[in-house]
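Worksheet: the structure to be examined is printed underneath.
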Amino acid sequence: MRFFSHKGLLSLFFLFVAFQGIAQGNFTISGYLKDASDGESLIGATVVVEGSTQGAISNTYGFYSLTLPQGEYTLVYSYLGYLTQKMPISLNSNQSIDVEMRLEGKELEEVVITSEALDENITRIGMSVEKLDARTIKKIPAFLGEADVINSIRTLPGVSTVGEGASGFNVRGGGVGQNLVLLDEAPVYNSSHMLGFFSVFNPDAVKDLKLYKGGIPARYGGRISSILDIQMKEGSTKKLGVQGGVGTIFSRIAVDAPIVKDKSSFILAARRSYIDVIARPFVDVLSDGGALNFYDITGKVNYKFSDKDRIYLSGYTGRDNFKFDANQGFSWGNSTLTFRWNHLMSSRLFMNISAIYADYDYKLEFGDTPSDKFDWKSRIRTITVKPDFSWYLNAKNEISFGGEIIRYDFNPADATTVSSNQETNISLDERFSYEGALYVSNKQTLGTRLSAEYGLRWSMFSYVGPGTIYEYGDVEPGKRRPVVNSYEAESGEVVSSFNNFEPRLAIRYKINEYSSIKASYNRMAQYIHLISNRTASIPLDVWNPSTNNIDPQIGDQIALGYFRNLKNNEYEVSVEGYYKQTQNQVEYIDGADLLINEFLEGDLLSGEGRAYGLEFLVKKQKGKLTGWASYTLAKTELKTEGINNGTWYPTRFDQRHNLKLTVIYNFNERWSLSSNFAFISGTPSTWPTDRYEVQGYLIPHNGNNSRNNLRIPAYHRLDVSVTLKGKKEKKGKPRKNEDYWVFGVYNLYGRENPFSIYFTQQGGRPAMGQPVPSTGVQVAIIGSIVPAFSYNFKF
């Protein structure tokens, strides 16, 4: 199969040649920006020509390139929290200048809450982008006192969850499976430990985090809601470093060090929970082979072969184990491996080629004895190759182009049952598919006030054999479709294929030094689907490709925003409005059978969706008191033939009001207080409209075919934490290590937030002629105050 045609490659080549001639006679300054203390590359650092608006921003690997006419210049290198450096140059030839930047003397984390430039929300082109660094993440109060990546981004506007114990996150009304989560470019198919209370990302190994909610650049694709791009640390090329922590529920440690000073380094980070270890002497289930734990290991190594070549190898493996005894329980885990080669083809052309492996699997086991048991395994595995190029044409144009090819292996069920020593194989066929894409985009400065980033992505998808292919007949909408034909596809045979053009556009108009207006549009295509009809995603949900019966999901989103900074960038204020339309949303008939169902596609429906809302953000970025307040007013609906009488109905993730407050107060160099408050409208749920009583038994009934017709009560919670830093000196001498304690309380006022509500018959069967009593049952995952502490260290 061919994904990259010779015509497409020739077009990119001639585009390159045509642009190459534009800037003849100019010269280029390029190089890498790094932290002087550990050699970590600085992402998003700025290089500006003093007295002008011409400049460049360092990429993911710290590389920058700036092309200017011959002449005398003073370059200003800056990055928030680092000393600004000025460098006079005489530009009469191409020059390579690497710069190591030093931290400011005052501890930055005490006075700011962001790693980007204080006015970047005004100056950058993109909108609907959220960025957090490890320092900010560790200051936000978290469950059991442990800093967490996913829980941190849930405090941001437009990001939510359906409740405690829910895996993943929801962005602008989208489902968990509509977010692409990347760890060093590798897809992570389940980002949660312990059913959503923790994420799989060790904050000690995280370097940079960006969440794209809209205006998504052309280099990204594959999901229709958001992209969460997480970059790992590379490890110090200067000296050995060790950091970690011991907490209420788990401990962690991270080690980084040079392999060859200033050329090669590594980082290795690990975590392991130990609730089961502590509780084993007191809980019979755990002493009988039961388990309740998770672990993860994250590592990365890099080597600089020359001034033009560096390679990286990074990986992750982690697993959750819920065992009721030695033979029964379930577990799930991710594994990723990313190899990257950076090559500087010229002072203006940067190349990165990535080869990526990702695997997600889960296992479910029941049965007391080998003669009576049930085993079920499922997995999704992908292999990806991605070439990406950045061409710094001149000071006003940065062109990006590249592509990717992905092979998917889906194994929905490798399952067997054993009854009285008789084994039955109920496994489903594996499924295979390929996804490919080409993209090109340009980030262009159109004047002193106007900038734009525009691009086009072309994607395609093929569902291939071998396997049994089913075709389904037409029935009354909302009913299970019957199989009308089936056949065996040969290995590599294309069963169905799709392709889509995905245009992207982002525009920024700078009104003045402190305010700007931005607009964006993006179309996204999603070819794989998370099959789940529950309120919250769980580890046992199955991924399914687009097939001859399931069309790819398409999402179109437009957004408009106003951004304003006040008091010399001390305060940041913004409001964004968005409208999103989706096609081919996967929905389910009433009573759909989703697990180990050979005829699953007969239970699926296709609908259209719409989501719109306003996001408000006020952030205080400097001073002893910092933090942010966000409020989202939103609505998300679906319309599916055969559901809700064919009219619009709210999705399971629809939350009208979402208010978040995060406050951080530094009393002095040692003591600080953090708090986090959330108020979220209750999520929709389908409840019975009437009931039947048959021979003393209650049968609930939805008489008008409504879907998500009522809401559970609103969710609200307050968390607080206090941080105490260790002394900087001991016996009058500076300490070689740093440490701090975190004391926290989750759910300070003990709110029993409902996760779900259901109705059941109360008591036994009543006497003849008496009404059948019923009651509503509210399920709360956490309904009490949860205190915690952790001790953290670094040396």
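Only the coordinates and a few stated rules stand behind these numbers; no lab work does. What you see is a predicted model; the values in this text were computed from it and never measured. When we count neighbours, we look across all protein chains shown, and the Cβ atoms used for this are built from the backbone with ideal geometry, even at glycine.
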Check your understanding: In this model, which of Lys233/Lys261; Lys86/Lys263; Lys239/Lys736; Lys238/Lys736 are farther than 19 Å apart at the alpha-carbon?
Key -> Lys86/Lys263
Study note, to complete from the structure: From DSSP H assignment alone, runs of 4+ in the chain each adding -39500 (n - 2.57), the sum over residues rounded to the nearest 500 puts [θ] at 222 nm at -1000 deg cm²/dmol
Point to revise | Under the Karplus curve 6.51 cos²θ - 1.76 cosθ + 1.60, θ = phi - 60°, whole-Hz ³J(HN,Hα) for the range 454-462, x wherever Gly or Pro sits | key: 9, x, 9, 10, 10, 10, 9, 8, 10
Check your understanding: Dividing the convex hull volume of the alpha carbon atoms of the range 704-795 by its residue count, what do you get in Å³ per residue?
Key -> 168
Check your understanding: Hey, with R₀ at 35 Å, roughly what FRET efficiency would Phe305 and Glu513 work out to, going by the Cβ-Cβ distance, to 0.05?
Key -> 0.20
Revision key, fill the gap. Long-range alpha-carbon pairs in the chain, meaning those over 35 Å apart, account in percent for 50
Review point. Per the Kirkwood treatment, what hydrodynamic radius in Å, one decimal, follows for the range 384-529 from the mean inverse distance over all distinct Cα pairs?
Key: 19.8
Review point. What is the helix-to-structure angle for 6-20, meaning the angle in degrees between its Cα long axis and the longest Cα principal axis of the chain, kept from 0 to 90 and rounded to the nearest 10?
Key: 30
**Study point:** the chain - percent relative contact order, Cα under 8 Å, separation 6 or more
**Key:** 10
Review point. So what is the orientation-averaged projected area of the range 216-371, using the convex hull of its C-alpha atoms, in nm²?
Key: 13.8
Review point. Gain in length, Ser93 to Lys396, computed as 0.36 nm per residue apart minus the alpha-carbon separation, to one decimal in nm?
Key: 107.1 nm
Revision key, fill the gap. A correct Kirkwood calculation over the Cα atoms of the range 25-104 returns a hydrodynamic radius in Å of 12.6
Practice item. Pull up the cross-link candidates among the aspartates and glutamates for Lys727, meaning alpha carbon to alpha carbon under 12 Å and not fewer than 8 places away within one chain. Key: Glu669, Glu738, Asp739
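Among Lys34/Lys620; Lys138/Lys619; Lys622/Lys730; Lys131/Lys639; Lys131/Lys622, which pairs are too far apart, with a Cα-Cα distance over 25 Å?
Long pairs (Cα-Cα over 25 Å): Lys34/Lys620; Lys622/Lys730; Lys131/Lys639.
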Revision key, fill the gap. The extension gain from Arg407 to Ser419, computed as 0.36 nm times the residue separation minus the Cα-Cα distance, is 0.6 nm
Point to revise | Sequence ranges 177-188, 675-686, ranked by mean other-Cβ count within 10 angstrom, highest first | key: 177-188, 675-686
Check your understanding: Hey, any idea what Rg/Rh is for the range 498-620, computing Rh the Kirkwood way over Cα pairs?
Key -> 1.14
Revision key, fill the gap. Placing +1 on each Lys and Arg Cβ and -1 on each Asp and Glu Cβ in the range 25-104, then taking the dipole about the Cα centre, the residue among Phe27, Gly62, Leu75 whose Cα reaches farthest towards the positive end is Phe27
Exercise for review: Give the relative contact order (percent, whole number) for the range 236-386; include only Cα pairs under 8 Å separated by 6+ residues.
Suggested key: 14
Review point. Do you know the relative contact order of the range 25-104, to the nearest whole percent, from alpha carbon pairs under 8 angstrom that are 6+ apart?
Key: 38
Review point. Principal axis lengths of the range 587-736 from Cα atoms, whole Å, largest first?
Key: 81, 36, 35
